[in-house]
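Values in this text are rule-based calculations from the coordinates and carry no lab data. Only a predicted model underlies this, so the values are computations on that prediction, with no experimental measurement involved. All Cβ positions, glycine included, derive from the backbone under ideal geometry; neighbour counts span all protein chains shown.
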Amino acid sequence: QVQLVEFGGGLVQAGGSLRLSCAASGRTLSIYTMAWFRQAPAKEREFVAALRWSGSNTFIADSVKDRFTISRDKAKNTLYLQMRSLRPEDTAVYYCAANLNGYSFRFPTDYGYWGQGTQVTVSS
């Protein structure tokens, strides 16, 4: 089992920045990929970024690739999402996810472990 807890959401003005954190516990040595997804009201859960936990490969959605950065601190078992130049359309609940195997990373069904989510609201 892997437990995930997100931190760092909040209200920010358009153009501002936020950094989300996701603390992992449990079978962290078995984690293969960790990712961020987001879900806006009445919309499907959307891939934002992913990272191979043991390597350096990262994957960023085209919609955020020039503004968001994913990173991790293995010693702290923590995943980060640095968000810059935020826009009102970035408003959503942001979820951290993890899996223990599998090459695919873009779909919610690729992940077996999820955090509770953290709200990000960007005002115009």
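Structure above, values below:
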| item | result |
| --- | --- |
| Volume of the Cα convex hull of segment 69-124, divided per residue and given in Å³ | 110 |
| Chain lengthening between A42 and Q3 when straightened (0.36 nm per residue, less Cα-Cα) | 11.4 nm |
| Low-density loop positions, chymotrypsin sites (Phe, Trp or Tyr not before Pro), segment 14-123 - DSSP coil, at most 12 other Cβ in 10 Å | Y103 |
| Those GluC sites (Glu not before Pro) in segment 18-106 that DSSP places in a loop and that have at most 13 other beta carbons within 10 Å | E44 |
| Over 17 Å [Cα-Cα, segment 1-46], rounded percent | 51 |
| Sites K76 and T109 - FRET efficiency at Förster radius 30 Å, r taken between beta-carbons, to 0.05 | 0.60 |
| Segment 43-85: translational diffusion in µm²/s, Stokes-Einstein, Kirkwood Rh over Cα pairs, 10 °C, 1.306 mPa s | 142 |
| Separation of the Y32 and S85 label points, Cα + 7 Å toward Cβ, nm | 3.4 |
| √(5λ) per eigenvalue of the Cα gyration tensor, the chain, largest first, Å | 23, 14, 13 |
| Highest-fluctuation residue, G112, G55, G26 considered, GNM on the chain with Cα pairs under 10 Å | G55 |
